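The next block holds one structure in the form of structure tokens; read it before the comments.
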Amino acid sequence: MDISKKCKMAKVISQDTFDGVVLENVTEFDMSLEEAVADAIREFESQGVLLGMVVKDGVLSDDRRSVIHSVVTSIEGLKSVAAGGTPTLEEVQEHLATLATQCSLSLSHRILANKNNAYDVLIKLLQTCKDNGAILNACLKTLVALTEGNPDILNSEGIQLLLQLLEEWRMRSDALDVSELLAQWCMWCCVKHEGNRQSLVAAGAMGSMVALLQAQRSNSLVVRAACRAIKAFTLDDDIRQEFGNAHEHARLLAEGNQLIGLSLNLINEFDGDSETTSELLGVVRKLCVRAEYCQEVVDHGGLKVINDILVSFPDHAELNKQAMSLMKTVAGNDKVKDGAMKAGIAPLLVAAMNRHQNVRGVCEEGCGAVSMLALRCPTHAKQLEEAGAGSAVLQAMKIHPKVVQIQKLGCMAIRNLASRMPENQASLKAQGVEGAIQAALEAHGELVKDVAKAALRDLDLPVEMVEQWRGTGHEISR
């Protein structure tokens, strides 16, 4: 059928428009539902319409006069139950489970739920049943599914409810899932939404999340969820905002909540729990935005923690990556860098890179750590090269030739290893460093040009440096 008139110049359409065309295909052209949906998709896409936010898995009503979506019927069911007063778990459980499942399918399902007031329905249900752990648990699971990748729905009422529930439930041991789900809800409200982050911080959510971390410090699931929520406060990922408050939020967490010391203490308490340790390391790394915070990590035994992790969990790639990432971050402080080298980080770093050379994240963080440790420190560069850092970096670049970040960080590491160190230059040349750098230049061009040419220059290898501007010799007119 020709639907060009319905979508002329259109780039997006509503759910009702799509469902209407599907229904027309069924009733007017006697198509099956699957055929009707496929035809509608084909016709709309041929007109340049974007269908990413349209749900395409509806079913026909018994009378074949409407398209029904499970996400909508579950919301209507919740509205009907709530209208009768305080509901029981049996009355809402199925509706909540269906809505959570549907919201987990795609963003388009969550958008459709938004348009049918799912958020308001769930908030009212939470307020009505906030003392009922079973309903609260089921409702929060659904709200988390609705909010994932969809943070715009949060409002002031939701913020106050989140804080109230955190206050009331964080010390209770009869529903630990509630605490975990509250942390997950908080995290998804913050991801890619600077406005939500600032509103939550202003309302005291960061302090509440740290209090949850302390109150449930023996429960690994809650600790992990709280760590992810805390890290979300330090993100700067909202492209709609020119500037974010990530640095200020990190400062408040480090100074106002003493979170660096708490996190490192918890790492020691969770000795042997690699997943929880990894999340806690991520929190510490996010807070090291100033030189004094890097020093605070050392004061609380952070260097020993990093070394112990690389020794105790040699086969855990993700944990090794987090330890290297923290090392790279705290090495921005020269005193910390000196302490790390004296503590014997070099051979541990190289061993981890060699063991996990096929893991992109480990290679990326390893190259970054080598680069930072060697920066402006010929003595460190010598120790690192003797430990095999140059070979590990080159191997990472050769195994991951298409990963731009590894090529960039690898070139930076090579440059810092070679700078003002003739013996390192000779060692790196013997290992074929020029070929690796030239391969990076050929594969990625402008993306790596500056760091690659700087590495070639400091290796005393042939390099073409383009002069961006040259004076003409004439006096500047005033």
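The values are calculated or read from the model by the stated rules, or taken from the named source; none is laboratory data. From a predicted model like this one, the values you see are computed outputs, not experimental measurements. Positions of Cβ are backbone-derived with ideal geometry, glycine not excepted, and every protein chain shown enters the neighbour counts. Note: areas computed on protein heavy atoms with side chains; ligands, DNA, RNA excluded. Shrake-Rupley method; radii C 1.70, N 1.55, O 1.52, S 1.80 Å.
Can you spot a residue in segment 46-68 that is in contact with a helix residue (DSSP H, G or I) (Cβ under 6 Å, 6 or more places away or on another chain), hydroxyl-bearing (Ser, Thr, Tyr) and touching a residue at least 12 places away in the same chain (Cβ under 8 Å)?
Checked against the condition, which is being in contact with a helix residue (DSSP H, G or I) (Cβ under 6 Å, 6 or more places away or on another chain), hydroxyl-bearing (Ser, Thr, Tyr) and touching a residue at least 12 places away in the same chain (Cβ under 8 Å), segment 46-68 yields no hits at all.
This table checks each residue for (1) at pLDDT below 95; (2) outside any helix (DSSP H, G or I); (3) in contact with a Phe, Trp or Tyr (Cβ under 7 Å, 6 or more places away or on another chain).
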| position | (1), (2), (3) |
| --- | --- |
| 105 | no, yes, no |
| 109 | no, no, no |
| 152 | no, no, no |
| 159 | no, no, no |
| 163 | no, no, no |
| 174 | yes, yes, no |
| 181 | no, no, no |
| 184 | no, no, no |
| 188 | no, no, no |
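Sort out which residues of segment 368-402 are closer than 16 Å to residue 443 by Cβ and either open to solvent by less than 10 Å² (accessible area, probe 1.4 Å) or touching a Ser or Thr at 6+ places or on another chain (Cβ under 6 Å) (or both), and write them in order of number.
394, 396, 397
Does residue 177 satisfy the criteria of being buried (at least 16 other Cβ atoms within 10 Å of the Cβ), farther than 30 Å from residue 16 by Cβ and among the charged types (D, E, K, R)?
Yes; evaluated as a whole, the condition is true for this residue.
Taking into account only those residues within segment 130-154 that are open to solvent by less than 10 Å² (accessible area, probe 1.4 Å) and in contact with a Leu (Cβ under 6 Å, 6 or more places away or on another chain), which is farthest from residue 194 (Cα to Cα)?
Looking at residues that are open to solvent by less than 10 Å² (accessible area, probe 1.4 Å) and in contact with a Leu (Cβ under 6 Å, 6 or more places away or on another chain), I get 135.
Checking residue 249 against (1) closer than 19 Å to residue 137 by Cβ; (2) touching a Ser or Thr at 6+ places or on another chain (Cβ under 6 Å): exactly one of these is not met. Which one?
(1)
Would you call residue 13 under 34 Å from the mean Cα position of the chain (by Cα) and touching a residue at least 40 places away in the same chain (Cβ under 8 Å)?
For residue 13, the condition - under 34 Å from the mean Cα position of the chain (by Cα) and touching a residue at least 40 places away in the same chain (Cβ under 8 Å) - is met.
Taking the stated definitions as given, is residue 223 buried (at least 20 other Cβ atoms within 10 Å of the Cβ), touching a residue at least 40 places away in the same chain (Cβ under 8 Å) and in a helix (DSSP H, G or I)?
It is true that residue 223 is buried (at least 20 other Cβ atoms within 10 Å of the Cβ), touching a residue at least 40 places away in the same chain (Cβ under 8 Å) and in a helix (DSSP H, G or I).
Looking at (1) in a loop (DSSP other than H, G, I, E, B); (2) open to solvent by 50 Å² or more (accessible area, probe 1.4 Å), can you tell me which one residue 54 breaks?
(2)
Tell me whether segment 454-461 contains one or more residues that are open to solvent by 50 Å² or more (accessible area, probe 1.4 Å) and over 38 Å from the mean Cα position of the chain (by Cα).
yes
Residue by residue through segment 403-428, note down the ones that are among the polar types (S, T, N, Q) and open to solvent by 10 Å² or more (accessible area, probe 1.4 Å).
405, 416, 419, 425, 427
Check segment 191-208 and report whether any residue there is of a type in the set (Lys, Arg), touching a residue at least 24 places away in the same chain (Cβ under 8 Å), touching a helix residue (DSSP H, G or I) at 6+ places or on another chain (Cβ under 9 Å) and assigned to a helix (DSSP H, G or I).
Scanning segment 191-208 turns up at least one residue that is of a type in the set (Lys, Arg), touching a residue at least 24 places away in the same chain (Cβ under 8 Å), touching a helix residue (DSSP H, G or I) at 6+ places or on another chain (Cβ under 9 Å) and assigned to a helix (DSSP H, G or I).
Every residue in segment 265-283 that is in contact (Cβ under 8 Å) with a residue 40 or more places away in the chain, closer than 20 Å to residue 348 by Cα and open to solvent by less than 20 Å² (accessible area, probe 1.4 Å), please.
277, 278, 281, 282
Within segment 59-86, can you find the residues that are open to solvent by 60 Å² or more (accessible area, probe 1.4 Å) and part of a helix (DSSP H, G or I)?
Matches in segment 59-86: 73, 76, 79, 80.
Please pick out the residue among 256, 272, 261 that is more than 17 Å from the chain's Cα centre (by Cα) and either at positive phi or of a type in the set (Val, Ile, Thr) (or both).
It is 272.
Is segment 245-259 home to any residue that is out of contact with any helix residue (DSSP H, G or I) (no Cβ under 9 Å at 6 or more places or on another chain) and open to solvent by 40 Å² or more (accessible area, probe 1.4 Å)?
yes
Is it the case that residue 362 is in contact with a Gly (Cβ under 9 Å, 6 or more places away or on another chain), touching a residue at least 24 places away in the same chain (Cβ under 8 Å) and part of a helix (DSSP H, G or I)?
no
Within segment 441-449, does at least one residue satisfy the condition of being in contact with a Gly (Cβ under 7 Å, 6 or more places away or on another chain) and either more than 25 Å from residue 348 (Cβ to Cβ) or open to solvent by less than 70 Å² (accessible area, probe 1.4 Å) (or both)?
no
Which numbered condition in (1) open to solvent by 40 Å² or more (accessible area, probe 1.4 Å); (2) under 19 Å from residue 201 (Cα atoms); (3) assigned to a helix (DSSP H, G or I); (4) in contact (Cβ under 8 Å) with a residue 12 or more places away in the chain is the only one that residue 241 fails?
That leaves (3) as the condition not met.
Among the residues of segment 321-350, what is the count of those that are closer than 19 Å to residue 288 by Cβ and more than 18 Å from the chain's Cα centre (by Cα)?
So the count comes out to 17.
Among the residues of segment 23-30, is there at least one that is over 39 Å from the mean Cα position of the chain (by Cα), among the hydrophobic types (A, V, I, L, M, F, W, C) and either open to solvent by less than 40 Å² (accessible area, probe 1.4 Å) or at pLDDT 95 or above (or both)?
Within segment 23-30 (the criterion being over 39 Å from the mean Cα position of the chain (by Cα), among the hydrophobic types (A, V, I, L, M, F, W, C) and either open to solvent by less than 40 Å² (accessible area, probe 1.4 Å) or at pLDDT 95 or above (or both)), the answer is yes, since at least one residue qualifies.
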